[in-house]
Amino acid sequence: MSRQATTTDDELAAMAKAIGHPARVQILRMLVARDTCATSEVVDGLPLAQSTVSEHLRILREAGLVQGEIDGPRTRYCVDPKGLAALKAAISSL
């Protein structure tokens with residue numbers, strides 16, 4: 001997703017869709033509260049199956065709201081500060 005100075009309507013819609021599920025909002029809150037989390041830590045914090053959490057993380061990553069980094073046998077996730085800032089700015093411009 002583009003990180004231009006302004007967020008397009010399509011980009012805003014994609015980000016809004018990504019945060020349109022309560023579990024994804026919970027994941028974002030969890031990642032904001034920590035610098036980074038392994039997938040297993042996110043799973044431990046939610047009453048969801050690992051595969052479901054992985055799908056939610058994929059959607060958030062594709063929307064540009066989180067980043068994943070491979071760390072040995074696991075993936076560690078963190079909030080993408082540019083993506084979150086773009087979402088905040090786009091919403092405030094409505």
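Some observations on this one:
Table: residues versus (1) modelled with pLDDT of 95 or more; (2) surrounded by 16 or more Cβ atoms within 10 Å (Cβ to Cβ); (3) among the polar types (S, T, N, Q).
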site: Thr7; (1), (2), (3): no, yes, yes
site: Ala14; (1), (2), (3): no, yes, no
site: Arg34; (1), (2), (3): no, no, no
site: Asp44; (1), (2), (3): no, no, no
site: Glu55; (1), (2), (3): yes, no, no
site: Gly83; (1), (2), (3): no, yes, no
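- Pairing each residue of the range 65-79 that is of a type in the set (S, T, N, Q) with any residue that is loosely packed, with under 10 Cβ neighbours inside 10 Å and part of a loop (DSSP other than H, G, I, E, B), provided the two are 6+ apart or on different chains, yields no C-beta distance under 9 Å.
- Extreme residue, farthest from the chain's Cα centre (by Cα), among residues of the range 71-94 that are part of a strand (DSSP E or B) and within 12 Å of Thr36 (Cα to Cα): Asp71
- Selected residue (criterion: surrounded by the most Cβ atoms within 10 Å (Cβ to Cβ)) from residues of the range 59-70 that are part of a strand (DSSP E or B) and in contact with a strand residue (DSSP E or B) (Cβ under 6 Å, 6 or more places away or on another chain): Val66
- Restricting the search to helices (runs of 4 or more DSSP H) fully inside the range 7-58 and requiring at least 2 residues that are under 11 Å from the mean Cα position of the chain (by Cα) and over 14 Å from Leu84 (Cβ atoms) gives 22-33.
Okay, residues lined up against (1) touching a residue at least 24 places away in the same chain (Cβ under 8 Å); (2) of a type outside the set (D, E, K, R):
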residue	(1), (2)
Leu28	yes, yes
Thr36	yes, yes
Leu48	yes, yes
Ser51	no, yes
His56	yes, yes
Lys82	yes, no
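The values are calculated or read from the model by the stated rules, or taken from the named source; none is laboratory data. The shown structure was predicted, so the numbers you read here are calculated from the model rather than taken from an experiment. Cβ coordinates were reconstructed from backbone atoms using ideal geometry, including for glycine residues, and neighbour counts include every protein chain displayed.
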